[in-house]
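See structure below.
The values are calculated or read from the model by the stated rules, or taken from the named source; none is laboratory data. Treat the numbers as computed from the prediction; the structure is a model and nothing was measured. Cβ atoms come from the backbone with ideal geometry, glycine included; neighbour counts cover every protein chain shown. The protein model used for the area step is the full one, side chains on, heavy atoms only, and it has no ligands, DNA or RNA in it. Shrake-Rupley method; radii C 1.70, N 1.55, O 1.52, S 1.80 Å.
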Amino acid sequence: MRNTRPPLSLTVPSGSSGSPPETPAGSPRRGLPGSAGGRDSRATRQARLVQVLQENPFLTDEELAERFHVSVATIRLDRMRLGIPAVRERVRAVAERVHGRVRALPLQEIVGELVDLELGKFGISILQTTPEMAFARTRLVRSQYILAQADSLALAVVDAELACISVANIKYKKPVQVGQRLVARAVVLRHRRDGEPVVLVQTRAGDETVFRGKFVVQVLAGPGAGPRAAGPQKSGEEPAGGAATGDGRGEVEP
């Protein structure tokens, strides 16, 4: 499935690519693991910063600092030199395009902030985790919040007036700590023989995937609505396509 959203336009101003700062003789040079000369020069780091933010404009300064092995202040200075806005402004610029597009549920009922959407194709939402979402002793985010973000995003990408989840095949891949930002991306993979869309949602915290789920969405009103190909269910019968599962064992592909 090709992403038709135009890439974030980030360019390096002509005056920002100066020569790397000199290092006094004998001074140790630290750098990224595997780098051949130590830490990247300023010009090289700034060029890589532009490339990283083109691929993922939702990274915070803290996440960028960890990735580039520099301080948060250095990242902020790089952004100022490059004319790149802070993450809130980048998110706001992308989110302005999605207002009024969601059809299957009200925008305020989506768990997390919907920042990008193309109906019938893909969507992105961001959830900032808080202490209220976590267990008090472990400070791990409760699974229902992670699922709710993915579930509501899967519904949001469907081009229908009314829809619900009929089958869910989910995996929690890593625990989520309080304070982590969850970026969920949904893609409509295909439509089943009965016309129901299959939506893949993957949620990341930084560079790590913490959740993955496939959802079959039953369209109740709007394009594609109609009786399911499998026919009416008998009492106690599982939905067509398999039962919902959360542990990945004995799962049925939607």
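When restricted to residues that are more than 30 Å from D61 (Cα to Cα) and out of contact with any His (no Cβ under 6 Å at 6 or more places or on another chain), the range 189-219 contains 16.
Residue-wise test of (1) part of a loop (DSSP other than H, G, I, E, B); (2) within 15 Å of the chain's Cα centre (by Cα); (3) acidic (D, E); (4) modelled with pLDDT of 95 or more.
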position	(1), (2), (3), (4)
K171	no, no, no, yes
A186	no, yes, no, yes
R193	yes, no, no, no
V199	no, yes, no, yes
T203	no, yes, no, yes
T209	no, yes, no, yes
Q218	no, no, no, no
G226	yes, no, no, no
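The lone criterion from (1) assigned to a helix (DSSP H, G or I); (2) of a type outside the set (D, E, K, R); (3) within 17 Å of the chain's Cα centre (by Cα) left unmet by Q108 is number (3). Entry remark, the range 42-59: residues being assigned to a helix (DSSP H, G or I) and open to solvent by less than 40 Å² (accessible area, probe 1.4 Å) number 7 in total. Number of residues in the range 75-87 that are in a helix (DSSP H, G or I) and touching a residue at least 12 places away in the same chain (Cβ under 8 Å) equals 7.
Give the range 193-205 a look and list any residue that's small (G, A, S) and under 14 Å from V141 (Cβ atoms), or say none.
The initial filter retains those residues of the range 193-205 that are small (G, A, S), namely 195, 205.
If the condition is that a residue be small (G, A, S) and under 14 Å from V141 (Cβ atoms), then A205 is the only one that fits.
Inside the range 173-184, can you point out the residues that are hydrophobic (A, V, I, L, M, F, W, C) and not in a strand (DSSP E or B)?
Selection gives V176, V178.
The lone criterion from (1) in contact with a Cys (Cβ under 7 Å, 6 or more places away or on another chain); (2) hydrophobic (A, V, I, L, M, F, W, C); (3) open to solvent by less than 10 Å² (accessible area, probe 1.4 Å) left unmet by L220 is number (3).
Take the conditions closer than 22 Å to E63 by Cα, touching a residue at least 40 places away in the same chain (Cβ under 8 Å) and among the hydrophobic types (A, V, I, L, M, F, W, C) and apply them to A168. Does it pass? I'd like the intermediate steps shown before the answer.
Numbers: closer than 22 Å to E63 by Cα: no; touching a residue at least 40 places away in the same chain (Cβ under 8 Å): yes; among the hydrophobic types (A, V, I, L, M, F, W, C): yes.
No: the conditions fail for A168.
Only residues that are open to solvent by less than 10 Å² (accessible area, probe 1.4 Å) and closer than 22 Å to G112 by Cα were counted across the range 60-90, and they come to 2. In summary, A136 fulfils each of the numbered conditions (1) modelled with pLDDT under 95; (2) not in a loop (DSSP other than H, G, I, E, B) with the single exception of condition (2).
Residues that are open to solvent by 10 Å² or more (accessible area, probe 1.4 Å), within 16 Å of L114 (Cβ to Cβ) and either of a type in the set (G, A, S) or assigned to a strand (DSSP E or B) (or both) within the range 151-169 comprise just one, A163.
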